[in-house]
Amino acid sequence: IIDGILIGFVVFIVTVPFRGAPFTNPQDPAEMLRALSANFVQQLVSLVIYVAYGGFMESAYGATLGKMALRLRVTDTEGRRISLGKAVLRNLVKQLTGICCLLYLVFFFTPLRQALHDMAAATLVMED
């Protein structure tokens, strides 16, 4: 929740320039294309911000601000700090699987209690 509020605020501010005026004529293909293009750019910028934040914080500090507040950290399967590449992969897969919240239920059925993004990056979330 902490990370969502913090990054959500940053994303809101950064993506303001990509929000166009609402289209008034849904029958106009050019107007529809402009609206869809602006929305696509806004979503792409949001994705980059979320992945960059999570990737940087988890590789540099072992946790995002939200995880730090909860005394959690992200490690590799050996308990070591993860690389930037693993952190970026973990957060990219996390954002993509977030589209379907049911995919988070995988966590309950894995021996190490890993979500799909943890399995993809071979990481664990541990108590600090």
Notebook entry, point to check: Taking the condition β-branched (Val, Ile, Thr), assigned to a helix (DSSP H, G or I) and over 27 Å from Met126 (Cα atoms), does Val41 pass?
Noted result: yes
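Go through Gly98, Gly62 for me and flag whichever is under 15 Å from Asp3 (Cβ atoms) and buried (at least 16 other Cβ atoms within 10 Å of the Cβ). If you could, list the steps in order and put the result at the bottom.
Working: Gly98 fails: buried (at least 16 other Cβ atoms within 10 Å of the Cβ).
Testing whether each residue is under 15 Å from Asp3 (Cβ atoms) and buried (at least 16 other Cβ atoms within 10 Å of the Cβ) leaves just Gly62.
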Notebook entry, point to check: In the range 22-58, how many are open to solvent by 50 Å² or more (accessible area, probe 1.4 Å) and hydroxyl-bearing (Ser, Thr, Tyr)?
Noted result: 3
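Looking at Asp28, Asp76, can you tell me which residue is at pLDDT 95 or above, over 27 Å from Ile5 (Cβ atoms) and of a type outside the set (Phe, Trp, Tyr)?
After applying the criteria, what remains is Asp76.
Quick check on my filter: what residues within the range 107-128 are open to solvent by less than 40 Å² (accessible area, probe 1.4 Å) and either more than 10 Å from Val74 (Cα to Cα) or not hydrophobic (A, V, I, L, M, F, W, C) (or both)?
Once the filter is applied, which keeps residues that are open to solvent by less than 40 Å² (accessible area, probe 1.4 Å) and either more than 10 Å from Val74 (Cα to Cα) or not hydrophobic (A, V, I, L, M, F, W, C) (or both), the range 107-128 yields Thr110, Gln114, Ala115, His117, Asp118, Ala121, Ala122, Thr123.
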Notebook entry, point to check: Counting only residues that are of a type in the set (Gly, Ala, Ser) and open to solvent by less than 70 Å² (accessible area, probe 1.4 Å), which one in the range 1-21 is modelled with the lowest pLDDT?
Noted result: Gly20
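Find the residue count for the range 73-83, including only residues that are under 12 Å from Met57 (Cβ atoms) and open to solvent by 50 Å² or more (accessible area, probe 1.4 Å).
Of the residues in the range 73-83, 2 are under 12 Å from Met57 (Cβ atoms) and open to solvent by 50 Å² or more (accessible area, probe 1.4 Å).
For the range 1-53, which positions are of a type in the set (Ser, Thr, Tyr) and more than 13 Å from the chain's Cα centre (by Cα)? So that I can check it myself, show each step before the final result.
Quick first cut of the range 1-53, residues of a type in the set (Ser, Thr, Tyr) only: 15, 24, 37, 46, 50, 53.
Those that are of a type in the set (Ser, Thr, Tyr) and more than 13 Å from the chain's Cα centre (by Cα): Thr15, Thr24, Ser37.
The values are calculated or read from the model by the stated rules, or taken from the named source; none is laboratory data. What you see is a predicted model; the values in this text were computed from it and never measured. In this analysis, Cβ positions are derived from the backbone assuming ideal geometry, glycine residues included, and neighbour counts consider all displayed protein chains. To get the accessible areas, we keep the full protein, side chains included, count just its heavy atoms, and leave off ligands, DNA and RNA. Shrake-Rupley method; radii C 1.70, N 1.55, O 1.52, S 1.80 Å.
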